[in-house]
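Participant: Have a look at this one.
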Amino acid sequence: MKVILIHGIHSPEKNNNISKLKPALERAMPGVEIEVFSYGFMGFWAARWENGEVARKFSDAICEAKKQHDKVVVISHSNGAAITYLAVNEFDADPDMVIQINPALDNHRTPVVKWVEVIHSDQDRAVELSQWLPFNIWGNQGKVGYKGKRKNTINHNASKFDKYMRYDDHMGLFADTRIDMWARFIANRIKGMLQVKYADV
């Protein structure tokens, strides 16, 4: 199995927040190949024009991974969710499972794959504002969760979790105090849905 992570646009770490998730997932999923697909810095307005080309390249990366691994899972954050949506729905990528963390995506949109899980939070102002960017698929899914009609997608409201995992903002999952707990949660969701086993450590 392979897990591919894809980040959002600009972030305090210059590269991406989701890169912090990689070592946490490696601890939670021993024996699984985990890779970050990086498309570099992208400004707020640039996403409208550049997401399509990034999505095409991301689709190619997913398809190549599918040739070499029995299962491929995509984990996205923010604009990475919009890119994942385009990679699947426009460029025919076919991962076995997608996990969207605070997706900057219209709340009626979801990748057409077997299984999608959305982690959202009640006070995600970043995606609340992004929905007003014209001619774009960005929306407030990271705040309200998926609201569409497809049965392949379920929501996890991080604002309703216990005090140790709970967060309310756009980047709260990546906080040092909770990232390992969320990595274990994600690993367990993948294990349960895809019926995979991790290496013994």
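Participant: From the residues in segment 47-58 that are of a type outside the set (Phe, Trp, Tyr) and crowded, with 21+ Cβ neighbours inside 10 Å, which one is farthest from ASP96 (Cα to Cα)?
Facilitator: If we take residues in segment 47-58 being of a type outside the set (Phe, Trp, Tyr) and crowded, with 21+ Cβ neighbours inside 10 Å, then ALA47 is farthest from ASP96 (Cα to Cα).
Participant: Please go through segment 7-50 and give me each residue that is acidic (Asp, Glu) and either at pLDDT 90 or above or part of a helix (DSSP H, G or I) (or both), ordered by number. Even if it seems obvious, please write down each step before you answer.
Facilitator: We begin by selecting, within segment 7-50, every residue acidic (Asp, Glu); these are 13, 26, 33, 35, 50.
Within segment 7-50, GLU26, GLU33, GLU35, GLU50 qualify.
Participant: Scan segment 167-178 for residues that are out of contact with any helix residue (DSSP H, G or I) (no Cβ under 6 Å at 6 or more places or on another chain) and part of a loop (DSSP other than H, G, I, E, B) and jot them down.
Facilitator: Within segment 167-178, ASP169, MET171, ALA175, ASP176, THR177, ARG178 qualify.
Yes/no per residue for (1) surrounded by fewer than 20 Cβ atoms within 10 Å (Cβ to Cβ); (2) in contact (Cβ under 8 Å) with a residue 60 or more places away in the chain; (3) within 15 Å of the chain's Cα centre (by Cα):
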| site | (1), (2), (3) |
| --- | --- |
| HIS77 | no, yes, yes |
| ALA82 | no, no, yes |
| PHE91 | yes, no, no |
| HIS108 | yes, no, no |
| ARG125 | yes, no, no |
| GLU128 | yes, no, no |
| GLY139 | no, no, yes |
| LYS149 | yes, no, no |
| THR153 | no, no, yes |
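Participant: From the list ALA65, ALA55, exactly one residue is in contact (Cβ under 8 Å) with a residue 12 or more places away in the chain, within 23 Å of GLY31 (Cβ to Cβ) and more than 11 Å from the chain's Cα centre (by Cα). Which is it?
Facilitator: On the way: ALA55 fails: within 23 Å of GLY31 (Cβ to Cβ).
After applying the criteria, what remains is ALA65.
The values are calculated or read from the model by the stated rules, or taken from the named source; none is laboratory data. Owing to the predicted nature of the structure, the values given are computational and were not obtained by experimental measurement. Cβ: placed from backbone, ideal geometry, glycine included. Neighbour counts: every protein chain shown.
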